[in-house]
1. Yes or no: region 54-64 includes at least one residue that is away from the ligand (no atom under 16 Å from the Cβ) and modelled with pLDDT under 95.
2. If the Cβ limit is 7 Å and pairs must be 6+ apart or interchain, which residue in region 1-29 that is away from the ligand (no atom under 12 Å from the Cβ) pairs with which residue that is among the basic types (Lys, Arg) and not in a strand (DSSP E or B)?
3. Is it the case that residue 55 is outside any loop (DSSP other than H, G, I, E, B) and among the acidic types (Asp, Glu)?
4. So residue 46 clears everything in (1) in contact (Cβ under 8 Å) with a residue 24 or more places away in the chain; (2) not β-branched (Val, Ile, Thr); (3) not in a loop (DSSP other than H, G, I, E, B) except one condition, right? Which one?
5. Select the helices (runs of 4 or more DSSP H) contained entirely in region 120-193, then report the ones holding at least 3 residues which are within 15 Å of the ligand (Cβ to nearest atom).
6. Let me spell it out: the conditions are (1) in a helix (DSSP H, G or I); (2) surrounded by 15 or more Cβ atoms within 10 Å (Cβ to Cβ); (3) more than 17 Å from the chain's Cα centre (by Cα), and residue 114 meets all of them except one. Which number is the exception?
7. Within region 96-116, is even one residue among the charged types (D, E, K, R), in the same structural domain as residue 168 (by TED's automatic domain parsing) and touching a strand residue (DSSP E or B) at 6+ places or on another chain (Cβ under 6 Å)?
8. For region 152-163, which residues satisfy the criterion of being surrounded by 19 or more Cβ atoms within 10 Å (Cβ to Cβ) and out of contact with any Asp or Glu (no Cβ under 8 Å at 6 or more places or on another chain)?
Amino acid sequence: MADLIRGVLFDIDDTLFDYSSSERAGLLEHLAAEGLLDGFPSPEEAVGRWRRIMEEEYDRFLVGELTFEEQRLVRVSRFLGRPVPEEEATAWFAGYSALVNAAWAAFPDAAPVLAALAPRYRLGVVTNSTLSHQLAKLTALGLLGHFGTTAIVCSSEYGQAKPHPGIFLEGCARLGLPPAQVAFVGDKYDIDALGARDAGLRAFWLDRSGRGAIPAHESAAGPRAGAAPARESAVGPRVGAAPARESAAGRPARDVSAGEGAAGSRAGDGREREGAAGSRGGDGPAPDGVTVIGSLEELLTALDAVSSRRSAGGTAG
Ligand SMILES: [Mg+2]
(Lines give C-alpha, C1' and ligand atoms only; values in the text may rest on other atoms or scores of the structure.)
Protein backbone atom coordinates (compact mmCIF):
# COMPACT_ATOMS: atom_id res chain seq x y z
CA MET A 1 0.00 0.00 0.00
CA ALA A 2 1.43 3.28 -1.10
CA ASP A 3 2.03 6.01 1.41
CA LEU A 4 -0.17 9.06 1.38
CA ILE A 5 1.57 11.85 -0.50
CA ARG A 6 2.05 14.87 1.74
CA GLY A 7 4.64 16.86 -0.17
CA VAL A 8 5.49 17.79 -3.76
CA LEU A 9 8.93 18.76 -5.01
CA PHE A 10 9.35 20.45 -8.37
CA ASP A 11 12.07 20.89 -10.92
CA ILE A 12 12.14 24.51 -12.14
CA ASP A 13 13.47 24.83 -15.70
CA ASP A 14 10.98 23.65 -18.33
CA THR A 15 8.74 22.42 -15.51
CA LEU A 16 7.50 25.58 -13.76
CA PHE A 17 9.51 28.02 -15.86
CA ASP A 18 9.39 28.08 -19.66
CA TYR A 19 13.15 27.95 -20.05
CA SER A 20 13.22 26.92 -23.69
CA SER A 21 11.01 29.75 -24.90
CA SER A 22 12.86 32.45 -22.98
CA GLU A 23 16.22 31.08 -24.10
CA ARG A 24 15.10 31.07 -27.71
CA ALA A 25 13.66 34.58 -27.61
CA GLY A 26 16.69 36.02 -25.84
CA LEU A 27 19.20 34.34 -28.12
CA LEU A 28 17.53 35.36 -31.37
CA GLU A 29 17.14 38.94 -30.23
CA HIS A 30 20.76 39.05 -29.09
CA LEU A 31 22.06 37.55 -32.34
CA ALA A 32 20.05 40.05 -34.35
CA ALA A 33 21.41 42.93 -32.28
CA GLU A 34 24.95 41.63 -32.77
CA GLY A 35 24.43 41.25 -36.52
CA LEU A 36 25.07 37.52 -36.29
CA LEU A 37 21.70 36.03 -37.06
CA ASP A 38 22.15 36.11 -40.84
CA GLY A 39 25.22 33.93 -40.46
CA PHE A 40 23.07 30.93 -39.63
CA PRO A 41 21.10 28.91 -42.18
CA SER A 42 18.03 29.47 -40.04
CA PRO A 43 17.11 30.80 -36.61
CA GLU A 44 16.33 27.26 -35.52
CA GLU A 45 19.86 26.16 -36.38
CA ALA A 46 21.26 28.97 -34.26
CA VAL A 47 19.02 27.99 -31.36
CA GLY A 48 19.90 24.33 -31.80
CA ARG A 49 23.63 25.04 -31.79
CA TRP A 50 23.33 27.21 -28.69
CA ARG A 51 21.25 24.59 -26.92
CA ARG A 52 23.61 21.72 -27.74
CA ILE A 53 26.59 23.66 -26.46
CA MET A 54 24.68 24.73 -23.35
CA GLU A 55 23.73 21.14 -22.51
CA GLU A 56 27.31 19.95 -22.84
CA GLU A 57 28.95 22.76 -20.90
CA TYR A 58 26.21 22.85 -18.26
CA ASP A 59 26.85 19.17 -17.63
CA ARG A 60 30.49 20.05 -17.01
CA PHE A 61 29.32 22.63 -14.47
CA LEU A 62 27.08 20.06 -12.80
CA VAL A 63 29.93 17.61 -12.33
CA GLY A 64 32.20 20.34 -11.00
CA GLU A 65 34.54 20.75 -13.98
CA LEU A 66 33.51 24.37 -14.52
CA THR A 67 32.06 27.07 -12.29
CA PHE A 68 28.70 28.56 -13.15
CA GLU A 69 30.46 31.61 -14.62
CA GLU A 70 33.04 29.57 -16.50
CA GLN A 71 30.45 27.48 -18.30
CA ARG A 72 28.84 30.68 -19.54
CA LEU A 73 32.10 31.98 -21.00
CA VAL A 74 33.01 28.65 -22.59
CA ARG A 75 29.60 28.56 -24.24
CA VAL A 76 30.25 31.92 -25.88
CA SER A 77 33.60 30.86 -27.33
CA ARG A 78 32.26 27.58 -28.62
CA PHE A 79 29.17 29.19 -30.10
CA LEU A 80 31.16 31.89 -31.87
CA GLY A 81 33.73 29.33 -32.99
CA ARG A 82 36.76 31.26 -31.81
CA PRO A 83 38.60 31.97 -28.59
CA VAL A 84 36.81 34.94 -27.05
CA PRO A 85 38.68 36.99 -24.44
CA GLU A 86 37.04 36.81 -21.01
CA GLU A 87 35.97 40.42 -20.94
CA GLU A 88 34.32 40.18 -24.35
CA ALA A 89 32.67 36.86 -23.52
CA THR A 90 31.35 38.27 -20.25
CA ALA A 91 29.81 41.22 -22.05
CA TRP A 92 28.41 39.00 -24.81
CA PHE A 93 26.75 36.68 -22.31
CA ALA A 94 25.46 39.60 -20.25
CA GLY A 95 23.77 41.03 -23.34
CA TYR A 96 22.21 37.67 -24.10
CA SER A 97 21.24 37.09 -20.48
CA ALA A 98 19.47 40.43 -20.13
CA LEU A 99 17.28 39.61 -23.12
CA VAL A 100 16.56 36.11 -21.81
CA ASN A 101 15.61 37.53 -18.44
CA ALA A 102 13.29 40.01 -20.11
CA ALA A 103 11.56 37.03 -21.72
CA TRP A 104 11.31 35.00 -18.49
CA ALA A 105 7.87 33.49 -18.07
CA ALA A 106 6.30 30.77 -16.02
CA PHE A 107 4.13 28.22 -17.78
CA PRO A 108 0.51 29.36 -17.49
CA ASP A 109 -0.37 26.35 -15.36
CA ALA A 110 2.42 26.84 -12.81
CA ALA A 111 0.94 29.47 -10.49
CA PRO A 112 -2.64 28.11 -10.42
CA VAL A 113 -1.49 24.56 -9.76
CA LEU A 114 0.89 25.61 -6.99
CA ALA A 115 -1.93 27.62 -5.43
CA ALA A 116 -4.24 24.62 -5.65
CA LEU A 117 -1.67 22.32 -4.06
CA ALA A 118 -0.53 24.65 -1.29
CA PRO A 119 -3.39 24.02 1.16
CA ARG A 120 -2.86 20.26 1.09
CA TYR A 121 0.82 19.66 0.38
CA ARG A 122 4.20 20.90 1.53
CA LEU A 123 5.91 22.32 -1.57
CA GLY A 124 9.56 22.57 -2.48
CA VAL A 125 12.07 22.66 -5.30
CA VAL A 126 15.03 20.51 -6.32
CA THR A 127 17.00 22.05 -9.19
CA ASN A 128 20.34 21.64 -10.93
CA SER A 129 21.51 25.22 -10.67
CA THR A 130 22.70 27.86 -8.24
CA LEU A 131 20.56 29.17 -5.40
CA SER A 132 21.00 32.85 -6.27
CA HIS A 133 20.04 32.27 -9.90
CA GLN A 134 16.96 30.24 -9.08
CA LEU A 135 15.81 32.52 -6.27
CA ALA A 136 16.02 35.47 -8.67
CA LYS A 137 14.05 33.52 -11.22
CA LEU A 138 11.31 32.38 -8.84
CA THR A 139 11.03 35.90 -7.49
CA ALA A 140 10.74 37.41 -10.97
CA LEU A 141 8.12 34.84 -11.92
CA GLY A 142 6.10 35.51 -8.79
CA LEU A 143 6.38 31.88 -7.70
CA LEU A 144 8.73 32.14 -4.74
CA GLY A 145 5.90 32.70 -2.28
CA HIS A 146 4.63 29.17 -2.90
CA PHE A 147 7.81 27.74 -1.43
CA GLY A 148 9.55 28.41 1.82
CA THR A 149 13.13 29.42 1.02
CA THR A 150 14.34 26.50 3.11
CA ALA A 151 12.56 24.10 0.76
CA ILE A 152 14.62 25.12 -2.26
CA VAL A 153 17.52 22.74 -2.88
CA CYS A 154 20.07 23.68 -5.55
CA SER A 155 22.80 21.37 -6.78
CA SER A 156 25.47 24.02 -6.57
CA GLU A 157 25.02 24.53 -2.85
CA TYR A 158 24.07 20.95 -2.03
CA GLY A 159 27.10 19.50 -3.81
CA GLN A 160 25.38 16.83 -5.90
CA ALA A 161 23.15 17.19 -8.94
CA LYS A 162 20.10 15.23 -10.00
CA PRO A 163 19.88 12.31 -10.63
CA HIS A 164 22.01 11.69 -7.51
CA PRO A 165 19.58 10.34 -4.91
CA GLY A 166 21.06 12.53 -2.21
CA ILE A 167 19.66 15.75 -3.60
CA PHE A 168 16.15 14.29 -3.80
CA LEU A 169 16.43 13.05 -0.22
CA GLU A 170 17.64 16.48 0.84
CA GLY A 171 14.48 17.95 -0.69
CA CYS A 172 12.37 15.48 1.30
CA ALA A 173 14.25 16.31 4.47
CA ARG A 174 13.61 20.02 3.92
CA LEU A 175 9.90 19.20 3.72
CA GLY A 176 10.19 17.09 6.85
CA LEU A 177 8.79 14.03 5.06
CA PRO A 178 10.04 10.55 4.16
CA PRO A 179 10.58 10.07 0.40
CA ALA A 180 7.62 7.68 0.10
CA GLN A 181 5.34 10.58 1.05
CA VAL A 182 6.82 12.99 -1.50
CA ALA A 183 6.04 13.40 -5.20
CA PHE A 184 8.63 14.77 -7.58
CA VAL A 185 7.70 16.50 -10.83
CA GLY A 186 10.21 17.25 -13.57
CA ASP A 187 10.54 17.48 -17.34
CA LYS A 188 13.52 15.19 -17.85
CA TYR A 189 12.65 11.54 -17.88
CA ASP A 190 15.97 10.21 -16.67
CA ILE A 191 17.45 12.79 -14.34
CA ASP A 192 14.10 13.89 -12.90
CA ALA A 193 11.66 11.00 -13.09
CA LEU A 194 13.99 8.03 -12.86
CA GLY A 195 16.24 9.86 -10.41
CA ALA A 196 13.34 10.59 -8.09
CA ARG A 197 11.99 7.07 -8.43
CA ASP A 198 15.35 5.58 -7.59
CA ALA A 199 15.57 7.79 -4.50
CA GLY A 200 12.25 6.38 -3.31
CA LEU A 201 9.96 9.29 -4.19
CA ARG A 202 6.76 9.08 -6.21
CA ALA A 203 7.91 10.09 -9.69
CA PHE A 204 5.85 12.21 -12.09
CA TRP A 205 7.35 12.92 -15.49
CA LEU A 206 6.04 16.11 -17.06
CA ASP A 207 6.01 15.49 -20.80
CA ARG A 208 4.49 18.68 -22.14
CA SER A 209 5.41 17.88 -25.72
CA GLY A 210 3.85 14.44 -25.66
CA ARG A 211 6.93 12.97 -27.31
CA GLY A 212 7.35 10.16 -24.86
CA ALA A 213 10.62 9.16 -23.31
CA ILE A 214 13.70 8.59 -25.37
CA PRO A 215 15.38 5.53 -23.92
CA ALA A 216 18.72 6.25 -22.36
CA HIS A 217 20.53 3.92 -24.73
CA GLU A 218 19.45 6.07 -27.67
CA SER A 219 20.83 9.22 -26.13
CA ALA A 220 24.47 8.27 -25.90
CA ALA A 221 25.65 11.32 -27.85
CA GLY A 222 26.30 13.40 -24.78
CA PRO A 223 28.03 13.09 -21.46
CA ARG A 224 24.73 12.45 -19.73
CA ALA A 225 21.93 10.33 -21.02
CA GLY A 226 19.33 12.85 -20.01
CA ALA A 227 20.68 15.50 -22.29
CA ALA A 228 19.48 13.97 -25.52
CA PRO A 229 15.76 14.69 -25.38
CA ALA A 230 16.36 18.30 -24.49
CA ARG A 231 18.82 18.74 -27.31
CA GLU A 232 16.41 17.39 -29.82
CA SER A 233 13.66 19.57 -28.51
CA ALA A 234 15.73 22.66 -29.20
CA VAL A 235 15.38 22.30 -32.94
CA GLY A 236 11.98 20.72 -33.09
CA PRO A 237 8.47 22.10 -33.07
CA ARG A 238 8.32 21.92 -29.31
CA VAL A 239 10.29 25.11 -28.69
CA GLY A 240 8.01 27.91 -27.74
CA ALA A 241 4.99 25.82 -28.42
CA ALA A 242 4.79 23.52 -25.46
CA PRO A 243 1.62 24.86 -23.86
CA ALA A 244 -0.26 24.74 -27.15
CA ARG A 245 -1.03 21.07 -27.04
CA GLU A 246 -2.63 19.46 -29.99
CA SER A 247 -5.77 18.02 -28.63
CA ALA A 248 -7.87 17.42 -25.62
CA ALA A 249 -8.92 14.07 -26.97
CA GLY A 250 -7.06 10.82 -26.70
CA ARG A 251 -6.63 9.23 -23.32
CA PRO A 252 -7.05 11.79 -20.59
CA ALA A 253 -6.02 10.96 -17.11
CA ARG A 254 -8.87 9.52 -15.10
CA ASP A 255 -11.19 12.20 -13.78
CA VAL A 256 -9.14 14.85 -15.53
CA SER A 257 -12.02 17.29 -15.32
CA ALA A 258 -11.40 17.54 -11.60
CA GLY A 259 -8.11 19.22 -12.38
CA GLU A 260 -9.57 21.58 -14.89
CA GLY A 261 -11.81 23.31 -12.44
CA ALA A 262 -8.89 24.23 -10.31
CA ALA A 263 -6.34 25.12 -12.85
CA GLY A 264 -7.45 25.81 -16.35
CA SER A 265 -8.69 24.34 -19.54
CA ARG A 266 -6.33 21.55 -20.45
CA ALA A 267 -7.72 18.10 -20.55
CA GLY A 268 -5.89 14.95 -21.40
CA ASP A 269 -3.07 14.52 -23.76
CA GLY A 270 -3.81 13.70 -27.35
CA ARG A 271 -1.29 10.95 -27.76
CA GLU A 272 -0.71 7.39 -26.85
CA ARG A 273 2.45 7.18 -24.87
CA GLU A 274 2.26 4.23 -22.61
CA GLY A 275 4.51 2.18 -24.82
CA ALA A 276 7.27 4.72 -24.35
CA ALA A 277 7.45 5.23 -20.63
CA GLY A 278 5.34 5.59 -17.57
CA SER A 279 1.58 5.62 -17.55
CA ARG A 280 -0.95 8.37 -17.93
CA GLY A 281 -1.59 10.46 -14.85
CA GLY A 282 -4.73 8.94 -13.41
CA ASP A 283 -3.80 5.38 -14.20
CA GLY A 284 -1.10 4.99 -11.60
CA PRO A 285 2.55 4.28 -12.16
CA ALA A 286 3.67 2.03 -14.99
CA PRO A 287 6.14 -0.80 -14.59
CA ASP A 288 8.93 1.77 -14.72
CA GLY A 289 7.42 3.39 -11.64
CA VAL A 290 6.86 6.71 -13.40
CA THR A 291 3.53 8.44 -13.88
CA VAL A 292 3.38 10.58 -17.03
CA ILE A 293 1.54 13.89 -16.96
CA GLY A 294 1.11 16.21 -19.93
CA SER A 295 0.65 19.33 -17.88
CA LEU A 296 0.82 20.47 -14.28
CA GLU A 297 -2.97 20.46 -14.21
CA GLU A 298 -2.86 16.72 -14.73
CA LEU A 299 -0.75 16.49 -11.60
CA LEU A 300 -3.76 17.55 -9.52
CA THR A 301 -5.80 14.74 -10.99
CA ALA A 302 -3.00 12.23 -10.62
CA LEU A 303 -2.42 13.11 -6.96
CA ASP A 304 -6.15 12.78 -6.31
CA ALA A 305 -6.06 9.38 -7.99
CA VAL A 306 -3.24 8.27 -5.70
CA SER A 307 -5.28 9.35 -2.68
CA SER A 308 -8.36 7.59 -4.01
CA ARG A 309 -6.55 4.34 -4.57
CA ARG A 310 -5.09 4.51 -1.12
CA SER A 311 -8.51 5.19 0.38
CA ALA A 312 -9.98 2.31 -1.60
CA GLY A 313 -7.31 0.10 -0.11
CA GLY A 314 -8.75 0.69 3.33
CA THR A 315 -5.86 2.47 4.96
CA ALA A 316 -6.77 6.06 4.37
CA GLY A 317 -5.93 8.48 7.07
MG1 LIG B 1 14.01 20.84 -16.09
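The values are calculated or read from the model by the stated rules, or taken from the named source; none is laboratory data. Just so it is clear, the model here is predicted, and its values are computed rather than measured. Cβ placement follows ideal geometry from the backbone for every residue including glycine, while neighbour counts extend to all protein chains displayed.
1. Looking for residues that are away from the ligand (no atom under 16 Å from the Cβ) and modelled with pLDDT under 95, one finds at least one in region 54-64, hence yes.
2. Matching pairs, first to second residue: 1/310; 2/310; 4/310.
3. Details: outside any loop (DSSP other than H, G, I, E, B): yes; among the acidic types (Asp, Glu): yes.
In short, yes.
4. Of everything listed in (1) in contact (Cβ under 8 Å) with a residue 24 or more places away in the chain; (2) not β-branched (Val, Ile, Thr); (3) not in a loop (DSSP other than H, G, I, E, B), residue 46 misses just condition (1).
5. Details: elements: 131-141, 155-158, 165-175.
Filter on region 120-193 gives 131-141, 165-175.
6. (3)
7. Just the residues of region 96-116 that are among the charged types (D, E, K, R), to begin with: 109.
Going one step further and asking which of them are in the same structural domain as residue 168 (by TED's automatic domain parsing), we end up with 109.
Add one more test, that the residue is touching a strand residue (DSSP E or B) at 6+ places or on another chain (Cβ under 6 Å), and what stays is none.
No, because not a single residue in region 96-116 is among the charged types (D, E, K, R), in the same structural domain as residue 168 (by TED's automatic domain parsing) and touching a strand residue (DSSP E or B) at 6+ places or on another chain (Cβ under 6 Å).
8. Start the filter on region 152-163 by keeping residues that are surrounded by 19 or more Cβ atoms within 10 Å (Cβ to Cβ), which leaves 152-156, 161-163.
Of everything in region 152-163, those that are surrounded by 19 or more Cβ atoms within 10 Å (Cβ to Cβ) and out of contact with any Asp or Glu (no Cβ under 8 Å at 6 or more places or on another chain) turn out to be 152, 154, 155, 156, 161.
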